[in-house]
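Comments concern the structure below.
The values are calculated or read from the model by the stated rules, or taken from the named source; none is laboratory data. Keep in mind that what you see is a predicted model, and the values were worked out from it rather than measured. Every residue, glycine among them, receives a Cβ derived from its backbone with ideal geometry; neighbour counts consider all protein chains shown. Ligands, DNA and RNA are stripped out before the accessible areas are found, and what is left, the full protein with its side chains, is counted by its heavy atoms. Shrake-Rupley method; radii C 1.70, N 1.55, O 1.52, S 1.80 Å.
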Amino acid sequence: MNPILLAILAALAIISYAIWRKWRSLKRAEFIRSFTLPAGLYNKLQKHHPDLGFKECQLVAKGLRQFFLAYLSGGLKPVSMPSQVVDDLWHEFILYTKHYQAFCQQAFGTFMHHTPAVVMGNDQSNNTGLRRCFYYACRDENINPNKPLSMPLLFAIDAKLNIPNGFRYVADCRNVRCDQSAAVGSAAVYCGGDFRADFGGGDGVNGFSDIAGDSGGGDGGDGGGCGGGCGS
């Protein structure tokens, strides 16, 4: 066969595959956004958090969808859970085994295993997972992850709903003192700016190049603001 024709066919195959992957990702994202959680799941969540009403439970579900979207957008690379209340809903969802398995298959094409909620610390894999989750949660709400003026829902919801032992995040740590008086109640405050790999500033994906490039690796590191998160 003519080498030029072979090259053209190969290029068309690559383009077709890329288009198909994009289409599949969009369909999966649409499924995640519109998926209805199993009946009774909110009642299970309210046993952990009796102060939550129906509207608050819906907000927690929206945060869980944002977490699933971050996992999908990151190419199914590990993401860490930043919210206690969303983690509680996720755990209850997993207990609906058949529903959760069917959801994962349609949303990701594979099973997504549960990992406990974490904050920035000494574990580099957790830090990378949090950075990846923060980056894609910010993108979901059109927030610049390098210079966040607000926190995405998934990182703000524990404070918004006043969840006991929840995790508190602020967009900019420069106005937060790094001691217990900076905490909300008894909870430490963590800083959105600390999720950047590069604290040199910049716009777009500067400081998240490894995440945006889908290459994984790296951790939050120290520097800028309070360095590593107030109270960490």
> Quick one: in the stretch 21-35, which of the residues that are aromatic (Phe, Trp, Tyr) and assigned to a helix (DSSP H, G or I) is most open to solvent (accessible area, probe 1.4 Å)?
Replying inline: Trp23
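Out of Gln66, Gln105, I need the residue that is touching a residue at least 24 places away in the same chain (Cβ under 8 Å) and either surrounded by fewer than 17 Cβ atoms within 10 Å (Cβ to Cβ) or of a type outside the set (A, V, I, L, M, F, W, C) (or both). Which one? Quick ask: steps written out before the conclusion?
Working: Gln105 fails: touching a residue at least 24 places away in the same chain (Cβ under 8 Å).
Just a single option satisfies the conditions, and that option is Gln66.
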> Which of the residues that make up the stretch 36-50 are in a loop (DSSP other than H, G, I, E, B) and open to solvent by less than 40 Å² (accessible area, probe 1.4 Å)?
Replying inline: Leu37, Pro38, Gly40, His49
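Test Glu56 against the criterion of being open to solvent by 60 Å² or more (accessible area, probe 1.4 Å), at pLDDT 95 or above and not polar (S, T, N, Q), and give yes or no.
yes
Only one of Ala18, Ala7, Ala11 is part of a helix (DSSP H, G or I) and under 22 Å from Thr110 (Cα atoms); which? Steps first, please.
Numbers: Ala7 fails: under 22 Å from Thr110 (Cα atoms); Ala11 fails: under 22 Å from Thr110 (Cα atoms).
It is Ala18.
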> Pick from the stretch 119-169 the residues that are polar (S, T, N, Q) and in a helix (DSSP H, G or I): which of them is farthest from the chain's Cα centre (by Cα)?
Replying inline: Gln124
